[in-house]
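Read the figures in this text as sums done on the coordinates, not as results from a lab. Please read these numbers as outputs of a predicted model, since none were measured by experiment. Note: ideal-geometry Cβ built from the backbone for every residue, glycine included; neighbour counts use all protein chains shown.
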Amino acid sequence: MSASEGKKNFLQLIKFALIGVSNTLVDYGVTFALNALFGIFFLARIIGYVCGILNSYFWNTRWTFREERRRDAREIVSFLIVNLVTLGISLLLQGLFRDVLHLGDWWLNLAGESFVTKLLNADRFCMLLAFPFTLLVNFLGNKLFVFNRSKEEPTEKTEE
């Protein structure tokens, strides 16, 4: 990999992470608003997550992977698959951190009863621990699988 390609990949990772923050804000904002309005958390959570994915697709195709985008059915389906796999990995890691390694309990014992643990409870702490792993998985999935122009079939050459 050349230095310019490495720099491009690093900048894409930074853009991807910034968009990830906005996705989280959209996701949680929609979830909390719908839950406050209608009081159905599970449905609000699903709608919030879908809004976060739509935000992600919109901004990643226009900013992060602008040169690599195709805007075809394959890209959209691949994007959804990568996001669902990432969600699954995130949930598995959160369960591992909370239920097997008991890092949520460790966090609560360390921080004690405080304002901090009201904001960052055991589940959110484990979610935060899973974030760097899922960010990397999601970025690599999008970079290598969704927005990878090198996977395009070569154009046919006509023989004369």
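Seen against the Cα atoms of the chain and their longest principal axis, helix 73-95 is set at about 30 degrees. Using the Cβ-Cβ distance between LYS118 and ASN9 with R0 = 45 Å, the FRET efficiency computed as 1/(1 + (r/R0)^6) comes to roughly 0.70.
Would you mind counting up the charge near CYS51? Only other residues with Cβ under 14 Å from its Cβ, with Lys and Arg at +1 and Asp and Glu at -1. Working shown, then result.
Details: positive: ARG45; negative: ASP27.
Net charge around CYS51: 0.
Taking R0 as 22 Å, what FRET efficiency do you get between ALA33 and PHE131 from their Cβ-Cβ distance, rounded to the nearest 0.05? E between ALA33 and PHE131, to the nearest 0.05, is 0.45.
Result for the chain in a Gaussian network model with C-alpha springs under 10 Å: among GLU67, GLU113, GLU75, the largest mean-square fluctuation is at GLU113.
Only helical DSSP H runs with n ≥ 4 go in: add -39500 (n - 2.57) per run for the chain, normalise by residue count and round the 222 nm mean residue ellipticity to 500 deg cm²/dmol.
Values: 6 runs with 112 residues, N = 160.
Dividing the helical sum by the residues of the chain leaves -24000 deg cm²/dmol.
For the stretch 103-120, the Karplus equation 6.51 cos²θ - 1.76 cosθ + 1.60, evaluated at θ = phi - 60°, returns couplings of 6, x, 5, 4, 4, 5, 5, 5, 7, x, 6, 7, 4, 4, 6, 6, 7, 10 Hz by residue, with Gly and Pro reported as x.
Taking only Cα atoms of the chain, what ratio of Rg to Rh do you get with Rh as the Kirkwood inverse-distance radius? Don't skip to the end; give the middle numbers.
On the way: Rg = 19.1 Å, Rh = 17.8 Å.
Ratio value, two decimals: 1.08.
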